[in-house]
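Please treat every number below as a calculation from the coordinates, not as lab data. These figures come from a predicted structure and were not determined experimentally. Quick reminder, even Gly has a Cβ in these numbers, built from the backbone with ideal geometry, and neighbours come from all protein chains shown.
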Amino acid sequence: MDKNPAVPEQNAFESYLSSLIEKLKPGYAPRAMGTGGHDFTHVERLIAIGKTIRGKTKIDFDWNEFVTAVWLHNLDRAPAFRKDIERYGKTWALANEDSLREYGADNEDVKAFVRARGLEFYCYELLEPSPFGPEARERIVKAVMEHPKFKDEPGNSTLLTALRIADKVDRMGPLGIMASGAFRGKDVLPYDSEHPFGYGSTEEGRMKTLYDDLFRVMEWFGMLPSDEARSVVNERYFWFFISYVRMLGEEIAERTGTHNTVELDIQRALGGYYDRFVRKAPEPSAMHEVYDHHPHLQK
């Protein structure tokens, strides 16, 4: 007989997680995604970053809750899950028809609220076979619903804090550059051809160019909730990200005949952390690490 009560509990979770991944992973596959940058590799990277958060910070969150929230946090980005989300949203709207009528069915805020309720109820459905209790389920769903909000707030659960850190850190490097183009590339221009520099709004839904989106990510470094959270960022990856933006500014200036003021934008985005990344080179050991793993490159 197993004398450790945690073992059967963990076995139950792993069985649930396996079935959840089996259900969700096809919907997070590239061909199923309507927008790039939110596929299952993003999910898997967040889990890896979660391990770094556990190792480098004192943020105390339940690991099983975190892994589950990570798998659920981008359901609304994938068309494969949209029908279920819309079904739950319509069911909720019908049950609250009288309350919604005064706002108008075509009101965009109402539509967004109904979609959010659909996502919320779909998350609860997916958690139904899980071994989590009511409080844990509520914590997971709240983390999923609130992870996109602009700023951290007092009272955020440690689960929500960890999820938001991981989601931001995943974009602060070469893969973040790829994700930006994959996600927004079909909807916005690379830059404003008339006023290429001096980035605009970085608020979700209001960005007009990929240039704006890159600075949105850059601003996140200072927005992370603490220096402890910033320690999770791989600064070599982030240095590459910033260097890419610098090079992008040079190319945009050359192609458009515009004075290059990208450095002012970088300074604005990084704020008090700007000096930390002023023309900073990667650690000298970086290429030695490459050669250690790929000795044929030295030939």
Legend entry - Above-threshold pairs, the threshold being 18 Å between Cα atoms, out of LYS23/LYS83; LYS25/LYS149; LYS23/LYS149; LYS83/LYS111; LYS56/LYS168: LYS25/LYS149; LYS23/LYS149
Inset, instruction - Could you tell me what % of all Cα pairs in the range 39-136 have separations over 18 Å? - result: 58
Inset, instruction - Give, as a single signed number, the net charge of other residues whose beta carbon lies under 12 Å from the beta carbon of PHE132, with Lys and Arg counted +1 and Asp and Glu -1. - result: -4
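From the C-alpha gyration tensor of the range 108-225, pull out the three semi-axes of the equivalent ellipsoid (sqrt of 5λ each), sorted largest to smallest, in whole Å.
Taking √(5λ) for each eigenvalue gives 31, 17, 13 Å, largest first.
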Inset, instruction - Per DSSP H run of n ≥ 4, the term is -39500 (n - 2.57); total these for the chain, divide by its residue number, and report the mean residue ellipticity at 222 nm rounded to 500 deg cm²/dmol. - result: -19000 deg cm²/dmol
Legend entry - Residue among ARG230, ARG255, ARG171 with the largest mean-square fluctuation in a Gaussian network model of the chain, springs linking Cα atoms under 10 Å: ARG255
Legend entry - HN-Hα J in Hz across the range 109-125 - Karplus 6.51, -1.76, 1.60, θ = phi - 60°, x for Gly and Pro: 5, 5, 4, 5, 5, 5, 4, 5, 5, x, 4, 4, 6, 5, 4, 4, 5
Legend entry - HN-Hα J in Hz across the range 38-53 - Karplus 6.51, -1.76, 1.60, θ = phi - 60°, x for Gly and Pro: 10, 7, 5, 5, 4, 4, 5, 5, 4, 5, 5, 5, x, 5, 5, 4
Inset, instruction - Grab the alpha carbons of the chain, take their convex hull, and tell me the volume per residue in Å³. - result: 196
Legend entry - Length-normalised contact order for the chain - Cα pairs under 8 Å, 6+ apart - percent: 17
Legend entry - Zone of GLU251's modelled label, taken as backbone nitrogen in the range 194-222 under 20 Å from a point 7 Å along Cα→Cβ: 194-200, 208-218
Inset, instruction - For every other residue with a beta carbon closer than 11 angstrom to the beta carbon of LEU160, add +1 if it is Lys or Arg and -1 if Asp or Glu, then tell me the sum. - result: -1
Legend entry - Counted charge near LEU224, where neighbours are those whose Cβ lies closer than 15 Å (Asp, Glu -1; Lys, Arg +1): +2
Inset, instruction - Could you pull out the longest piece of the chain with no exposed loop GluC sites (Glu not before Pro) in it, calling a site exposed if DSSP puts it outside H, G, I, E, B and it has at most 12 other Cβ atoms within 10 Å? - result: 1-101
Legend entry - Given the chain, longest segment not containing exposed loop chymotrypsin sites (Phe, Trp or Tyr not before Pro) (DSSP; at most 15 other Cβ within 10 Å): 151-299
